[in-house]
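Visitor: Following this message is one structure expressed as structure tokens.
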Amino acid sequence: MTPPLLPMRHAPSALLANGSEQHAIELRNLCVCYHGKRAFRDISLAVPRGEITALIGPSGCGKSSLLQCLNRLTDMIPGCHVEGDVRVEGLNIMDPAQDLLTLRRHVGMLFQRPNPFPLSIRRNIELPLREHGVIRKPELRARIEQVLDDVGLWDEVRDRLDSPALALSGGQQQRLCLARALALAPRVLLMDEPCSALDPLASAKIEELIVRLRGQYTVLIVTHNLGQARRIADHTGFFWTEDGIGRLVEFAPTHTLFNQPQDPRTRAYIRGERG
Amino acid sequence: MDDWLPASGRTRGRTAAADRTAAGAAWMCAVIVTLAFGWIAADLLWHGLSRLTPGFLFEMPQLSGRAGGLASIIVSTLAILAICLAAAVPIGLGAAILLAEYSRSDRRLGRFVRRSLDVLAGVPSIVFGLFGNAFFCVYLGMGFSLLAGGLTLACMVLPLLIRSLEQGLREVPDDWRNAAAALGMSKAATLRSILLPAALPGLVVGLVLGMGRALAETAALLFTSGYVMRMPGSVMDSGRALSIHIFDLSMNVPGGTGNAYGAAVVLLLMLLTVNLLALAIARRWQLTQPGPL
Ligand SMILES: Nc1ncnc2c1ncn2[C@@H]1O[C@H](COP(=O)(O)OP(=O)(O)O)[C@@H](O)[C@H]1O
Ligand SMILES: [Mg+2]
């Protein structure tokens, strides 16, 4: 899965300029408020490039909000206010002048509920590609085949590319969404509990695909499945709520976090005593 | 609390009786509504169906409408409807998009516009007629004309149209808005390629409601498009809509009742056609585009 560079309407140079050597994402003192009420505060975090990083913790501690800061989906939420410094590939994305379409082309996202468009399988991938300037038919066809093959969907749907995407099973839909994101050749992939709406078999397939993304993409995944974090993540961050405000309690290599947690709350959560 | 205990035989019996009464009342209401509609339809068809010949549709009215057909009336009606839709649909769709998609961050604007529309929707049509006369006929100098009538109708159906188009857009799940945004698609492209097609069945329903109201309107047209029976030569001519024709024949023209029934049947058939057409479009659409999960 080598991500080929897309011919782009928006020049990528600004985004890929001068990231730090090992970190694709750097957060400093990030705070998010909804209608003046803090969801989490003072999160500082550096996500290593090309690795899989998992975020774990109980519901409501701000994991989804954190992901949404990274592609500025927070801009779409009324009453949401973000403060702090967010750098993706070295670029300050909180800059009001940052072009959101370019940012989101480089930072893909997979949601909890599979959300293919109510269009054909082919159109689902073609539409965003066209938006980003890929318009020649042969190129579109090749790109679509490649990404569907990357997610193991090509053999299952090659004969019905023009049938509705919503007729696919949940697991297939989620893989289509992954293919759709990969088609734009992003640098970073955000995943918000991508397996939690799927059955164990479909979930295992997605997990396998995520592992295969290692090295080519920086993956930041929120999961409630501690076993999954342990299996696939290189680093893991543990979130906890204090007085209704989320905090990043601990961030470490997965092996360390699970075997020698520093914080008693981490230890308790991992042992399943709380949360 | 001991509510969880099984109800005694007596209370159970009482509940069952209450259930039966409620169900009976609901049935009664349904039967009354159906009967009322059936009675009107039967009365119309009984008196009017025999008049429904090709000649009735394609001949000019004669003797103040007592004799002859509806040719000029139908042409005027369709012209007024076309003008009304041509003005109301683009404005309505634009306003609905603004309300459903762009007023999220500015709630106060959205609320203000919505309130105003709800007030406007409740204004009696005769008031719209007077307004249309003062504004389009007199102030803009259109005189009594199809154009003035169509535009007045547009003002009248806009509140209803906007609210139902907005409802259609709001029924599209947020999942797709988020998916499109996360893929770096522009708002315009998201609307054009995903949201509007997905909302189409709802939009069609809104359109049908609007057209129904426009076709049935009498009072607002009396002051704006007038009641001249001639075949209109242009949109600046006055012309008589079907509903006005029916009103005039039954109230002001002795011996006009028969043709009034005929015209009423034509109007009913027009409304029915619009409804069935819309239903067919929405159905066909849903066959090719399965809805949300
Ligand atoms: N759209 C929103 N509007 C208002 N409050 C929100 C919204 N989304 C999340 N929150 C609040 O922010 C906090 C963090 O939520 P979230 O990021 O969804 O946490 P998690 O993904 O860890 O469960 C919660 O207290 C939640 O109530
Ligand atoms: Mg969440």
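Read the figures in this text as sums done on the coordinates, not as results from a lab. Quantities reported herein were computed from a predicted structural model and do not represent experimental measurements. Glycine gets a Cβ as well: all are built from the backbone with ideal geometry, and neighbour counts include every protein chain shown.
Visitor: Based on the mean of other beta carbon atoms within 10 Å per residue, what is the order of A:51-59, A:35-43, B:95-103, most packed first?
Guide: In decreasing order of mean packing, A:51-59, A:35-43, B:95-103 become A:51-59, B:95-103, A:35-43.
Visitor: Leaving out same-chain residues fewer than 8 places away, which aspartates and glutamates sit with a Cα under 18 Å from that of A:Lys37?
Guide: Once the sequence-local aspartates and glutamates are set aside, what remains near A:Lys37 is A:Asp75, A:Glu83, A:Glu242, A:Asp243.
Visitor: Quote the relative contact order of chain B in percent (integer), defining contacts as alpha-carbon pairs under 8 Å separated by 6+ residues.
Guide: It rounds to 25 percent for chain B.
Visitor: Can you give me the P(r) profile for segment A:182-275? Cα pairs, bins 5 angstrom wide beginning at 0, each as a whole percent.
Guide: Reading the bins upward from 0: 2, 11, 22, 23, 18, 14, 7, 2, 0.
Visitor: Test of understanding: express the Cα radius of gyration of segment B:54-288 as a ratio to 2.2 N^0.38 Å, with N the residue count.
Guide: 1.15
Visitor: Kindly provide the helix-only [θ] at 222 nm of chain A, computed as the sum of -39,500 (n - 2.57) over DSSP H runs of four or more divided by all residues, to the nearest 500 deg cm²/dmol?
Guide: Helix contribution divided over all residues of chain A: -9500 deg cm²/dmol.
Visitor: So, one more: Got the relative contact order for segment B:148-221 handy, in percent, Cα pairs under 8 Å and 6 or more residues apart?
Guide: Once normalised by length, the contact order is 54 percent.
Visitor: Amide H neighbours of A:Leu30 under 5 Å, at least 5 residues apart or on other chains, H built in the peptide plane: list them.
Guide: Answer set, sorted by chain and number: A:Asp42, A:Ile43, A:Ser44, A:Asp85.
Visitor: Between A:Val249, A:Val32, A:Val222, where does the largest GNM mean-square fluctuation fall for chain A, given springs only between Cα atoms within less than 10 Å?
Guide: A:Val249
Visitor: Can you work out ³J(HN,Hα) from phi for every residue in segment A:70-75, in order, using Karplus 6.51 cos²θ - 1.76 cosθ + 1.60 and θ = phi - 60°, giving whole Hz and x for Gly and Pro?
Guide: Residue by residue, segment A:70-75 yields 6, 10, 6, 5, 4, 4 Hz.
Visitor: Further, regarding this structure: Ratio to report: Rg/Rh of segment A:79-227, with Cα atoms as the point set and Rh obtained by the Kirkwood method; give two decimals.
Guide: My calculation of the ratio gives 0.98.
Visitor: Taking the Cβ of B:Ser243 as the center, what net charge do the other residues with Cβ under 14 Å away carry, scoring Lys and Arg +1 and Asp and Glu -1?
Guide: 0
Visitor: Quick one: the Cα spread of chain A along its three principal axes, in angstroms, biggest first?
Guide: 55, 43, 36
Visitor: Right, here's the next one. Mind putting together the pair-distance distribution for segment A:54-145? All Cα pairs, 10 Å bins, whole percent per bin, short to long.
Guide: All Cα pairs, binned at 10 Å, distribute as 13, 37, 32, 17, 2 percent.
Visitor: Another question, if that's okay. Using a Gaussian network model of chain B whose springs link C-alpha atoms within less than 10 Å, name the residue from B:Leu52, B:Leu153, B:Leu215 with the highest mean-square fluctuation.
Guide: B:Leu52
Visitor: Please figure out what share of the DSSP beta bridges in chain A is antiparallel and state it in percent, rounded to the nearest 5.
Guide: Counting DSSP beta bridges with both partners in chain A, the antiparallel share is about 60 percent.
Visitor: Using only the Cα atoms of segment B:139-240, what are the Rg and Dmax in Å?
Guide: 19.1, 59
Visitor: When the Cα centres of segment A:102-129 and segment B:188-217 are compared, how far apart do they sit, in Å?
Guide: Cα centres, segment A:102-129 to segment B:188-217: 25 Å.
Visitor: Add -39500 (n - 2.57) for each DSSP H run of 4 or more in chain B, then divide by its residues: what number comes out at 222 nm, to the nearest 500 deg cm²/dmol?
Guide: Calculated at 222 nm, the ellipticity per residue is -23000 deg cm²/dmol.
Visitor: I'd like to know how the protein assembly as shown sits against the 2.2 N^0.38 Å rule of thumb: what's its Cα Rg over that expected value?
Guide: Normalised Rg, Cα atoms only: 1.29.
Visitor: Please work out the C-alpha center-to-center distance from segment A:84-98 to segment A:160-198 and express it in whole Å.
Guide: Value for the Cα centre distance between the two parts: 27 Å.
Visitor: How far is the Cα center of segment B:73-120 from the Cα center of segment B:135-177, in Å?
Guide: 4 Å
Visitor: Roughly what % of DSSP beta bridges within the protein assembly as shown run antiparallel, to the nearest 5?
Guide: Close to 60 percent.
Visitor: Identify which of A:Gln173, A:Gln260, A:Gln112 has the largest mean-square fluctuation in a Gaussian network model of chain A, with springs joining Cα atoms closer than 10 Å.
Guide: A:Gln260
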